[in-house]
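Enquirer: Mind having a look at this structure? Questions to follow.
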Amino acid sequence: MKFTSVFAMVAVAASLVGCAASGPSQKEMEAKMPALKADQGRVYFYRNASFVGGGLAPDIKLDGAVVGESKQGGFFYVDTASGKHEASTSTEAENKLSFVLENGEIKYVRTKVAVGILVGRVVPELVGADEAKKEIAETAYTGK
């Protein structure tokens, strides 16, 4: 086997397997989370553990500001003012999600790896509370 073939196989394996998130579980974090202020809502960002795209961990932006990273098997949350918001991620292409957050409302944004041309794309999508709570229970806190 040629050196380039071996190198290519190692590179592919490294991009598929990545660092999984480590930290407290959502259940452990729940007791530490502050109560929402009356004029705010909470947005959970999370990504399920998956074999594909494990090496990708792009920044997640909320309204243009970096709020965390899309880490495999990780979650974090942001308390923010109610109103219109835009979440985005970027690898080889920028992917955006627009939504409206009401006072006291909780939204769940799952980031999911999709096929790209050169690199995987991490796409944000809104998820219903029931599905998201089950999925977040399997992740670890990656926030600050």
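Enquirer: Taking only segment 106-131 into account, find how many residues are touching a residue at least 60 places away in the same chain (Cβ under 8 Å) and touching a Leu at 6+ places or on another chain (Cβ under 9 Å).
Expert: Total satisfying the criteria: 10.
Enquirer: Is it the case, given these coordinates, that F45 is within 16 Å of V127 (Cα to Cα), modelled with pLDDT of 95 or more, buried (at least 19 other Cβ atoms within 10 Å of the Cβ) and out of contact with any Ser or Thr (no Cβ under 6 Å at 6 or more places or on another chain)?
Expert: yes
Enquirer: Something else now. Output the residue which, of all residues in segment 63-75 that are out of contact with any Ser or Thr (no Cβ under 6 Å at 6 or more places or on another chain) and part of a loop (DSSP other than H, G, I, E, B), is surrounded by the most Cβ atoms within 10 Å (Cβ to Cβ).
Expert: Q72
Enquirer: Which of the strands (runs of 3 or more DSSP E) found entirely inside segment 76-144 contain at least 3 residues meeting this: modelled with pLDDT under 95 and in contact with a Ser or Thr (Cβ under 9 Å, 6 or more places away or on another chain)?
Expert: Those strands (runs of 3 or more DSSP E) span 121-127.
Enquirer: Can you name the residue in segment 109-144 that is among the hydrophobic types (A, V, I, L, M, F, W, C) and touching an Asp or Glu at 6+ places or on another chain (Cβ under 6 Å) and is also surrounded by the fewest Cβ atoms within 10 Å (Cβ to Cβ) among such residues?
Expert: Among those that are among the hydrophobic types (A, V, I, L, M, F, W, C) and touching an Asp or Glu at 6+ places or on another chain (Cβ under 6 Å), it is L118.
Enquirer: Does M29 meet the test of being surrounded by fewer than 16 Cβ atoms within 10 Å (Cβ to Cβ), of a type in the set (A, V, I, L, M) and touching a residue at least 40 places away in the same chain (Cβ under 8 Å)?
Expert: no
Enquirer: Next question. Residues that are touching a helix residue (DSSP H, G or I) at 6+ places or on another chain (Cβ under 9 Å) and within 13 Å of G143 (Cβ to Cβ): does segment 58-75 have at least one?
Expert: Yes, segment 58-75 contains at least one residue that is touching a helix residue (DSSP H, G or I) at 6+ places or on another chain (Cβ under 9 Å) and within 13 Å of G143 (Cβ to Cβ).
Enquirer: Of everything in segment 48-62, what is farther than 18 Å from K96 by Cα, touching a Ser or Thr at 6+ places or on another chain (Cβ under 9 Å) and touching a residue at least 60 places away in the same chain (Cβ under 8 Å)? Give them in sequence order.
Expert: N48, A49, G53
The values are calculated or read from the model by the stated rules, or taken from the named source; none is laboratory data. All figures in this text were calculated on a predicted structure; none of them were measured in a lab. Reconstructed Cβ throughout: ideal geometry from the backbone, glycine too, with neighbour counts over all protein chains shown.
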